[in-house]
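Participant: To start, I am sharing the structure in question, which I have written as structure tokens.
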Amino acid sequence: MGDAQRFAGPDGLCSWAGLTPRHHESDTVVHRGHITKQGSKLVRWAAVEAIQHQPAATKISVDRARIEARRGKNIGKIAAARKLLTLVYYGLRDEHIRALAYKRTAA
């Protein structure tokens, strides 16, 4: 991935990883499609794998479950992977990891 400063923002990193939807626009007609899959296949794979192995109590897993209930399983995974890459971008840029709060439940 290299230096995070080469991306204008987290959206640039997500686009570079191919996790953003296609966007075709002409005057007043807008078509949104599947993710572009252009860019780093390895980063895209790693982000989706990391999302699938998150404990259920984390904020990102709760967000994923909420989106999956509304939009479907695959869209929820990709949306959560974009959120994860956004956190990765800020972690690399600021050299400070933002919390992915993990709350243990009593067994």
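The values are calculated or read from the model by the stated rules, or taken from the named source; none is laboratory data. Just so it is clear, the structure is predicted and the values come from calculations on it, not from any experiment. Cβ atoms come from the backbone with ideal geometry, glycine included; neighbour counts cover every protein chain shown.
Participant: Among the residues of region 43-65, write down those that are within 24 Å of H23 (Cβ to Cβ) and at pLDDT 90 or above.
Facilitator: If the condition is that a residue be within 24 Å of H23 (Cβ to Cβ) and at pLDDT 90 or above, then W45, A47, V48, I51, D63, R64 are the ones that fit.
Participant: Here are I35, I67: which of them is farther than 22 Å from G12 by Cα and of a type outside the set (S, T, Y)?
Facilitator: Only one candidate qualifies: I67.
Participant: Another question, then. Could you count how many residues in region 21-74 are of a type outside the set (A, V, I, L, M, F, W, C), in a loop (DSSP other than H, G, I, E, B) and either more than 23 Å from M1 (Cβ to Cβ) or out of contact with any Pro (no Cβ under 9 Å at 6 or more places or on another chain) (or both)?
Facilitator: Qualifying residue count, region 21-74: 11.
Participant: State which residue is nearest to L85 (Cα to Cα) when the search covers only region 1-20 and only residues that are touching a Gly at 6+ places or on another chain (Cβ under 7 Å) and part of a loop (DSSP other than H, G, I, E, B).
Facilitator: Out of the qualifying residues, it is A17.
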